[in-house]
Amino acid sequence: MLTGKTAVVTGSTSGIGLAIAEALAAQGANVAINSYTDNEDDHAIAARLAEQHGVEAAYFKADMSKGEAARGLIDDVIARFSSIDILVNNAGIQFVAPVDEFPPEKWDAVIAINLSSAFHTTAEAVPHMRQAGWGRIINVASAHGLRASPNKSAYVASKHGVLGLTKVVALEEAGKGITCNAICPGYVLTPLVEQQIEDRMRESGLDRRAAELKFFLDKHPSEQFVTLGEVAAAAVYLAGDMAAQVTGTTLSIDGGWTAR
Ligand code: NAD
């Protein structure tokens, strides 16, 4: 159980981030929900988690494409909850184009949100974790942190970078009660992937299952998508005391993709 711990999950109004926030709340952690939108639905997520799981939960607007906002998120969470025990760097975006056609502003946005935001939040959170003598940093990377695919230069570069950051932070904090690990999911059915499936169906004229198998599940020997619950369970494990000696590593949940 994570009762009394405070968790912040970046990009947690949808998909994997929301599933992780919900799973941590179910374990008793107070949770900080984040996105950059600040609408009624965002606040309703925090209210629902608080009510359903009997924890404290609050929504924090912060745009992870901006370093100052990422650092400010950590400061705001400390101001609200007085501690930060579990940091899940999850916010992420995708953009697909060949490298010579990749718009530079899209490259900058992907690197800023997927990689630099994790640097900023980690830098801001680590001193608080050191003071407490306990901390968990969980970076939601990707199978694309370990493998490449064409047309995803910024995404693949950002996720490889996240794995590098993970290892460095793990070494710097080793022996201080703080661990830093990365989860590397294969394809999970979230809005981020739904959009890509629809694009591929439109471009190829294939039906949904054929497009899934040709463009996504060709990577998974299991030919099945990863579920949100499977990723969330990994985060709960890494956040717990039984993972105290698991640090600087990657946990792949990818239907066998990286075994090839
Ligand atoms: P999603 O699009 O469902 O959710 C992304 C979340 O990030 C949303 O809450 C969104 O509001 C938030 N977000 C986007 N830009 C933001 C910004 N500038 N500031 C703050 N929040 C922002 O995506 P998802 O599929 O759940 O992806 C979550 C993470 O998991 C990403 O890092 C992604 O790279 C990674 N991942 C996803 C898959 C997959 O198949 N879906 C696989 C491997 C890794």
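For the chain, the carbon plus sulfur part of the accessible surface works out to 53%, probe radius 1.4 Å. Give me the angle, in degrees from 0 to 90, between the Cα long axis of helix 191-204 and the longest principal axis of the Cα atoms of the chain, rounded to the nearest 10. Taking the Cα atoms of the chain, the angle to 191-204 is about 10 degrees. Distant-in-sequence amide contacts of Thr249, defined by a placed amide H-H separation under 5 Å and a gap of 5 or more residues or a different chain, comprise Ala182. For the chain, modelled as a GNM with alpha-carbon contacts under 10 angstrom, which of Phe225, Phe81, Phe215 fluctuates the most? Of Phe225, Phe81, Phe215, the Gaussian network model singles out Phe215 as fluctuating most.
Here's how it looks for Gly28: its modeled amide H is under 5 Å from those of Leu2, which are all 5 or more places away or on a different chain. The dipole here belongs to region 117-207: it is taken about the Cα centre, uses +1 on the Cβ of Lys and Arg and -1 on the Cβ of Asp and Glu, and is about 360 debye. For Ser82 and Arg48, a Förster radius of 22 Å and the Cβ-Cβ distance give a FRET efficiency of 0.40, rounded to the nearest 0.05. Once the 1.4 Å probe is applied to the protein heavy atoms, region 105-260 comes out at 45 Å² accessible per residue. For Gly135, the residues 5 or more places off, or on other chains, whose built amide H falls under 5 Å of its own are Ile178, Thr179.
Here the chain is treated with +1 on each Lys and Arg Cβ and -1 on each Asp and Glu Cβ, and its dipole about the Cα centre works out to around 700 debye.
The values are calculated or read from the model by the stated rules, or taken from the named source; none is laboratory data. Because the structure is a prediction, the values reported are computed rather than measured. Note that we place each Cβ from the backbone using ideal geometry, even for glycine, and neighbour counts take in every protein chain shown. What goes into the accessible areas is simple: the full protein's heavy atoms, side chains included, and nothing from ligands, DNA or RNA. Shrake-Rupley method; radii C 1.70, N 1.55, O 1.52, S 1.80 Å.
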